[in-house]
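Engineer: Let me give you the structure first, and then I'll get to my questions.
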Amino acid sequence: MHAPYPGGVAVVKLGEADSQVASVTFNDKRVLTLRTSEGFYALVGIALDATPGPHKLHGVVENGGIKLDFTTAFEVKAKAYPAQHLKINPRFLQPSKTDQERIEREVPIIVKAREHWSDAAPATLTLDLPSVGRLSARFGLRRVLNGQERAPHAGLDVAVPTGAPVRAAAAGRVVHIGDFFYAGQSVFVDHGQGFITVYIHLSRIDVREGEIVERGALLGAVGATGLVTGPHLHWGVLLNGTYVDPELFLRR
Ligand SMILES: [Zn+2]
């Protein structure tokens, strides 16, 4: 799992198995922690635009009602991702005033869903591919749209036809459903402690907000809503509010 580069996950040991660490943050966002027989670890999602070099984790140790702050450094290594050139509908590159207003209204809603936090630890960090098909665009690709470099690809695309089932990558709770300008019909599933999976461009959604889902539960169907060049599933995985490479979690 230790993949300490932009778009990856740093596994940082914070202490022994009996550690009294109460909470950990990275860039002011809560971080998932994991206690095993070998020790107590933070699993830190590293943003695609993170700078290689040293970064700091902040934590709080609680012992007998006394709280102590601490800081731990970890190193982010460089990683180069390939570029992908695409031709898209110019509407998505030069949104109209109406579209721009919609995009701005949607940003805080999406940020809130991405940064959802629940205290219970995930039952597992192993995820299943939500829809079976060819992986058509890997995570991290630098996107060149109609000749302009744009935000990198923050998920994994699976080429599947409209109507194909989309299933929960692991057990969790549906914390948000929405229909967004770029993402189209979207479902956010919380697996615990900021470990969230996102399913976008759906043609149909079969779950409700608040619903508890089992691994493999039907969430909806593949579609072509939002910014797409054709029907596919775009699947995102979040840790501490940051998109990380879904392939790091796939069952091997
Ligand atoms: Zn995608």
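Engineer: So if I check each of Pro165, Pro122, Pro152, Pro161, which one is farther than 19 Å from Asn89 by Cβ, at pLDDT below 95 and not acidic (Asp, Glu)? First the steps, then the outcome.
Structural biologist: On the way: Pro165 fails: at pLDDT below 95; Pro122 fails: at pLDDT below 95; Pro161 fails: at pLDDT below 95.
Only one candidate qualifies: Pro152.
Engineer: Pick from segment 13-33 the residues that are under 25 Å from Leu156 (Cα atoms) and in contact with a strand residue (DSSP E or B) (Cβ under 8 Å, 6 or more places away or on another chain): which of them is most open to solvent (accessible area, probe 1.4 Å)?
Structural biologist: Of the residues in segment 13-33, the ones under 25 Å from Leu156 (Cα atoms) are 26-27, 29-33.
From what's left, in contact with a strand residue (DSSP E or B) (Cβ under 8 Å, 6 or more places away or on another chain): 26, 29-33.
Details: Phe26: 15, Lys29: 66, Arg30: 91, Val31: 3, Leu32: 2, Thr33: 29 Å².
Applying the filter and picking the extreme gives Arg30.
Engineer: May I pose another question? Only one of (1) away from the ligand (no atom under 14 Å from the Cβ); (2) of a type outside the set (Asp, Glu); (3) over 18 Å from Thr124 (Cβ atoms) is not met by Gly216, so which one is it?
Structural biologist: (3)
Engineer: Test of understanding: among Ser203, Ser186, which residue is assigned by TED's automatic domain parsing to the domain that holds Val111 and open to solvent by 40 Å² or more (accessible area, probe 1.4 Å)? Break it down stepwise before answering.
Structural biologist: Details: Ser186 fails: open to solvent by 40 Å² or more (accessible area, probe 1.4 Å).
Just a single option satisfies the conditions, and that option is Ser203.
Engineer: Only one of Val189, Val175 is touching a residue at least 60 places away in the same chain (Cβ under 8 Å) and either in a strand (DSSP E or B) or more than 16 Å from the ligand (Cβ to nearest atom) (or both); which?
Structural biologist: On the way: Val189 fails: touching a residue at least 60 places away in the same chain (Cβ under 8 Å).
So the residue among Val189, Val175 that is touching a residue at least 60 places away in the same chain (Cβ under 8 Å) and either in a strand (DSSP E or B) or more than 16 Å from the ligand (Cβ to nearest atom) (or both) is Val175.
Engineer: Right, next: For segment 142-159, enumerate the residues that are under 18 Å from the mean Cα position of the chain (by Cα) and either β-branched (Val, Ile, Thr) or assigned to a loop (DSSP other than H, G, I, E, B) (or both).
Structural biologist: Across segment 142-159, the qualifying residues are Ala151, Pro152, His153, Ala154, Gly155, Val158.
Engineer: Separate question: Within segment 121-149, take every residue that is of a type in the set (S, T, N, Q) and over 20 Å from Leu233 (Cα atoms) and give me the one that is most open to solvent (accessible area, probe 1.4 Å).
Structural biologist: Here is the first cut: in segment 121-149, the ones of a type in the set (S, T, N, Q) are 124, 126, 131, 136, 146, 148.
Next cut, over 20 Å from Leu233 (Cα atoms) only: 124, 146, 148.
Details: Thr124: 49, Asn146: 52, Gln148: 84 Å².
For segment 121-149, the residue satisfying everything is Gln148.
Engineer: Kindly indicate the residue of segment 150-167 that is open to solvent by 20 Å² or more (accessible area, probe 1.4 Å) and in contact with a Lys or Arg (Cβ under 6 Å, 6 or more places away or on another chain) and also farthest from the ligand (Cβ to nearest atom) among those meeting that condition.
Structural biologist: So, considering only residues that are open to solvent by 20 Å² or more (accessible area, probe 1.4 Å) and in contact with a Lys or Arg (Cβ under 6 Å, 6 or more places away or on another chain), the one farthest from the ligand (Cβ to nearest atom) is Arg150.
Engineer: Taking strands (runs of 3 or more DSSP E) that fall entirely within segment 33-123, which contain at least 2 residues that are of a type in the set (Gly, Ala, Ser)?
Structural biologist: Working: elements: 39-45, 53-63, 66-76, 83-86.
Correct list: 39-45, 53-63.
Engineer: Further question: Hey, any hits in segment 237-245 for a residue that's in contact with an Asp or Glu (Cβ under 9 Å, 6 or more places away or on another chain), more than 15 Å from the ligand (Cβ to nearest atom) and outside any strand (DSSP E or B)? So that I can check it myself, show each step before the final result.
Structural biologist: Of all residues in segment 237-245, those in contact with an Asp or Glu (Cβ under 9 Å, 6 or more places away or on another chain) come to 237-238, 240-241.
With the extra rule that they be more than 15 Å from the ligand (Cβ to nearest atom), the set shrinks to 240-241.
The next check asks that each one be outside any strand (DSSP E or B); those that pass are 240-241.
Taking every residue of segment 237-245 in turn, at least one turns out to be in contact with an Asp or Glu (Cβ under 9 Å, 6 or more places away or on another chain), more than 15 Å from the ligand (Cβ to nearest atom) and outside any strand (DSSP E or B).
The values are calculated or read from the model by the stated rules, or taken from the named source; none is laboratory data. From a predicted model like this one, the values you see are computed outputs, not experimental measurements. In this analysis, Cβ positions are derived from the backbone assuming ideal geometry, glycine residues included, and neighbour counts consider all displayed protein chains. Side chains included, ligands, DNA and RNA excluded: accessible areas come from the protein's heavy atoms. Shrake-Rupley method; radii C 1.70, N 1.55, O 1.52, S 1.80 Å.
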